[in-house]
Amino acid sequence: MSQAKKENKIEKDIRDSRKTKLDDSFIIKDFLEYVPYELGGMNMLHTKVPQIEEIIEDALANAVREGQPQLVSVVDRIDLTDPFIFFQNAAQVDQHRVFWRSAEEDFVMAGSGCASQMFTASQNRFHELQKAWNDLRAKAIVYDPFEQKGTGVVALGGFSFDSAEEEKTPWESFPDSQMTIPAFLLTNRNGESYFTTTVLIYPEDHEQQIVHQILEQRALLLKESRDVPDLPERLHATELNPEDWKASVKRATDDIKQGILDKVVLARELRVTFKDPVQIAAVLRELVNTQENSYIFAVESGGDYFIGATPERLVKVEDQQLVSTCLAGTTPRGKDAEEDHALGQQLYHDPKNRQEHEFVVRMIREAVEACCYNVEIPKAPVLYPLSNLQHLYTPVRATLENGYTLLDVVERLHPTPALGGMPQKASVTYIRENEYLNRGWYAGPIGWFDRSNNGEFAVAIRSALIQGKEASLFAGCGVVEDSDPEAEYEETAVKLKPMLSVLGGL
Ligand SMILES: C=C(O[C@H]1C=CC=C(C(=O)O)[C@@H]1O)C(=O)O
Ligand SMILES: [Mg+2]
């Protein structure tokens with residue numbers, strides 16, 4: 001797009017945004033008084049926004065008047081920016097980096113720093129988090145002429161699989177739930193980059209100091225660099241107790257036959273060590289380039305990273321339109337088209353895999369029907385290909401009833417029988433008592449939401465906890481009555497491959 005056309009589009013965006021009916025809880029400034037500013041020598045800011053000094057001054061005045069901190073957020077459009085270089089640069093800002101790449105659209109978010117953070121740790125964690133979010137967004141001042149998805153005040157993060165899991169090792173750095181509102185958020189969507197700056201201003205803050213810090217950190221984050229970090233070099237990879245794990249699968253099939261439960265997902269762990277501390281930006285880029293149809297995510301917490309490439313959406317909500325995914329039942333990809341087709345057909349007609357899948361569809365249908373109308377679920381699954389394996393897949397579409405939020409649906413769905421089992425409560429207890437590892441955030445909801453409560457959560461499978469020069473990789477499989485421990489072991493080995501391949505190669 002030419003510069004003149006871009007300017008015109010911006011003018012139009014600004015006019016449109018003034019027409020848009022905005023949530024009463026947000027104070028949107030009159031964009032007419034906006035003047036342009038640029039970041040010296042770095043990515044040019046094409047957008048007309050109020051001067052940052054003015055924004056901070058107003059927010060500070062509010063904070064002083066109210067006697068409490070004021071959250072303020074401003075969105076700019078910038079030159080298309082490489083999210084991996086942004087993520088790499090962000091390591092110099094602080095230790096709150098987050099990353100998200102959608103599985104199905106051109107949509108990437110990379111966050112740096114922390115304007116605010118929400119934590120909850122009770123049985124009621126989703127509800128409490130929603131309450132904290134409602135309070136926070138109601139008090140925010142947002143300057144957003146573009147109104148694009150994933151810009152402005154956005155929270156990114158996740159939840160542990162099981163809030164009642166007591167043993168924390170090796171997840172000490174990851175609280176039960178943590179949603180971060182990044183200080184700086186790069187949002188790339190449909191070939192455009194947006195840059196959100198969000199600050200929490202305290203009554204005692206100094207305007208000039210805050211402005212200086214913001215400009216300095218923006219310049220650092222948007223600095224162009226050809227510095228490409230290397231992928232890690234692996235020293236060792238050790239499977240933890242493979243024989244014990246197979247025995248636990250056998251026990252689970254016996255327990256299922258006895259009617260204790262219908263299905264349970266059992267996971268196992270691979271411990272890996274590296275020559276040097278892992279450069280997460282390099283790993284993310286490799287995952288984005290190699291893992292089609294997958295959500296690529298990373299959350300940094302206390303110096304550790306939780307990172308993964310999961311194909312499984314939990315739920316997405318956009319303007320009350322809900323999409324969920326039933327994904328369970330697995331076979332490898334073939335060496336050539338013929339073998340691939342044969343394996344897919346075998347999976348499609350295999351009663352054991354169909355049963356694994358059916359439990360998921362049944363539970364998601366019930367949960368979605370309780371809070372939605374226009375529920376559409378095809379009668380039979382289709383095949384869903386990933387780079388190295390294929391799944392049975394049934395999409396779910398519905399309209400969310402007014403009054404329900406994305407987090408309400410996360411609460412109802414998590415964990416689906418693709419991660420927990422059937423019945424839900426019994427299987428989570430079974431996992432807590434019988435699985436050898438501590439799940440922490442593995443298989444928990446991971447994702448984001450914005451100030452309109454639009455957003456998306458995936459389930460954090462095919463993932464790794466990275467701690468300096470060490471990592472734990474996780475993968476699980478759905479155990480039903482007819483599961484064969486050896487076959488389930490092979491299935492988890494295939495599921496570990498995408499992460500293993502970017503963490504030192506296969
Ligand atoms: C629990 C995992 O996968 C789930 C998702 C899709 C297919 C699955 C299966 O066929 O067993 C699992 O339910 C994992 O990869 O760690
Ligand atoms: Mg399976």
- Message: One residue is enough: does the stretch 438-446 have a residue meeting the conditions more than 16 Å from ligand 2 (Cβ to nearest atom), in contact (Cβ under 8 Å) with a residue 40 or more places away in the chain, over 19 Å from the mean Cα position of the chain (by Cα) and closer than 25 Å to Glu300 by Cα?
- Response: yes
- Any chance the stretch 460-476 includes a residue that's over 16 Å from the mean Cα position of the chain (by Cα), of a type in the set (Phe, Trp, Tyr), within 30 Å of Thr273 (Cβ to Cβ) and within 16 Å of ligand 2 (Cβ to nearest atom)? yes
- Query: In the stretch 103-140, how many residues are at pLDDT 95 or above, in contact with a helix residue (DSSP H, G or I) (Cβ under 9 Å, 6 or more places away or on another chain) and buried (at least 17 other Cβ atoms within 10 Å of the Cβ)?
  - Reply: 13
- Message: Let me spell it out: the conditions are (1) at pLDDT below 95; (2) under 20 Å from Ser301 (Cα atoms); (3) of a type outside the set (A, V, I, L, M, F, W, C), and Ser472 meets all of them except one. Which number is the exception?
- Response: (1)
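Please indicate, with yes or no, whether at least one residue in the stretch 365-376 is within 14 Å of ligand 2 (Cβ to nearest atom), in contact (Cβ under 8 Å) with a residue 24 or more places away in the chain, in the same structural domain as Thr405 (by TED's automatic domain parsing) and farther than 19 Å from Glu490 by Cα. Spell out the reasoning first.
Here is the first cut: in the stretch 365-376, the residues within 14 Å of ligand 2 (Cβ to nearest atom) are none.
No: the stretch 365-376 contains no residue that is within 14 Å of ligand 2 (Cβ to nearest atom), in contact (Cβ under 8 Å) with a residue 24 or more places away in the chain, in the same structural domain as Thr405 (by TED's automatic domain parsing) and farther than 19 Å from Glu490 by Cα.
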- Query: in contact with a strand residue (DSSP E or B) (Cβ under 9 Å, 6 or more places away or on another chain) and either at pLDDT below 95 or farther than 20 Å from Ile78 by Cβ (or both) - does that describe any residue in the stretch 217-230?
  - Reply: no
- Note on the structure: Given the conditions (1) over 16 Å from the mean Cα position of the chain (by Cα); (2) crowded, with 20+ Cβ neighbours inside 10 Å; (3) at negative phi, every one holds for Ala247 apart from (2)
- Task: Tally the residues that are under 30 Å from Ala471 (Cα atoms) and either buried (at least 20 other Cβ atoms within 10 Å of the Cβ) or more than 18 Å from the chain's Cα centre (by Cα) (or both), restricting the search to the stretch 164-214.
- Result: 23
- Item | Unmet requirement for Val315, which otherwise passes all of (1) assigned by TED's automatic domain parsing to the domain that holds Gly476; (2) buried (at least 18 other Cβ atoms within 10 Å of the Cβ); (3) more than 15 Å from the chain's Cα centre (by Cα) | (3)
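Of the residues Val317, Val323, only one is out of contact with any Gly (no Cβ under 9 Å at 6 or more places or on another chain), outside any loop (DSSP other than H, G, I, E, B), more than 16 Å from ligand 1 (Cβ to nearest atom) and β-branched (Val, Ile, Thr); which? Full working, then the answer.
Values: Val317 fails: out of contact with any Gly (no Cβ under 9 Å at 6 or more places or on another chain).
Exactly one residue qualifies, and that residue is Val323.
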- Name the residues in the stretch 391-418 that are surrounded by 21 or more Cβ atoms within 10 Å (Cβ to Cβ) and over 20 Å from Asn124 (Cα atoms), would you? His391, Leu392, Thr394, Val396, Ala398, Leu400, Pro417, Ala418
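In the stretch 335-394, which residues are away from ligand 1 (no atom under 16 Å from the Cβ) and assigned to a helix (DSSP H, G or I)? Reasoning before the result, please.
Quick first cut of the stretch 335-394, residues away from ligand 1 (no atom under 16 Å from the Cβ) only: 335-342, 345, 365-380.
Passing the criteria: Ala337, Glu338, Glu339, Asp340, His341, Ala342, Gln345, Arg365, Glu366, Ala367, Val368, Glu369.
Working only within the stretch 461-479, note down all residues that are near ligand 1 (Cβ under 9 Å from one of its atoms) and not in a strand (DSSP E or B).
Our first condition is that a residue be near ligand 1 (Cβ under 9 Å from one of its atoms); within the stretch 461-479, this holds for 461-463, 474-479.
Scanning the stretch 461-479 gives Ile461, Arg462.
What is the residue count in the stretch 480-506 for residues that are part of a loop (DSSP other than H, G, I, E, B), more than 11 Å from ligand 1 (Cβ to nearest atom) and crowded, with 17+ Cβ neighbours inside 10 Å?
Our first condition is that a residue be part of a loop (DSSP other than H, G, I, E, B); within the stretch 480-506, this holds for 480-484, 503-506.
From what's left, more than 11 Å from ligand 1 (Cβ to nearest atom): 481-482, 484, 503-506.
With the extra rule that they be crowded, with 17+ Cβ neighbours inside 10 Å, the set shrinks to 503-504.
The number of residues fulfilling the criteria is 2.
So is Glu356 of a type outside the set (Gly, Ala, Ser), under 17 Å from Gly421 (Cα atoms), crowded, with 21+ Cβ neighbours inside 10 Å and more than 24 Å from the chain's Cα centre (by Cα) or not?
On the way: of a type outside the set (Gly, Ala, Ser): yes; under 17 Å from Gly421 (Cα atoms): yes; crowded, with 21+ Cβ neighbours inside 10 Å: yes; more than 24 Å from the chain's Cα centre (by Cα): yes.
When the stated conditions are applied, Glu356 passes them.
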- Message: Given the condition surrounded by fewer than 16 Cβ atoms within 10 Å (Cβ to Cβ) and farther than 26 Å from Thr290 by Cα, answer yes or no: does some residue in the stretch 328-349 qualify?
- Response: yes
- Item | Cross-chain or 6+ apart pairs with Cβ under 9 Å, the stretch 310-333 first and in contact (Cβ under 8 Å) with a residue 24 or more places away in the chain and away from ligand 2 (no atom under 16 Å from the Cβ), then part of a strand (DSSP E or B) and acidic (Asp, Glu) | Arg313/Glu456; Leu314/Glu456; Val315/Glu456; Lys316/Glu456; Val317/Glu456; Glu318/Glu456; Val323/Glu456
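Do the conditions hold for Lys263, that is, is it in the same structural domain as Ala487 (by TED's automatic domain parsing) and surrounded by 13 or more Cβ atoms within 10 Å (Cβ to Cβ)?
It is true that Lys263 is in the same structural domain as Ala487 (by TED's automatic domain parsing) and surrounded by 13 or more Cβ atoms within 10 Å (Cβ to Cβ).
The values are calculated or read from the model by the stated rules, or taken from the named source; none is laboratory data. Predicted model only: the values in this text are computed from it and were never measured. When we count neighbours, we look across all protein chains shown, and the Cβ atoms used for this are built from the backbone with ideal geometry, even at glycine.
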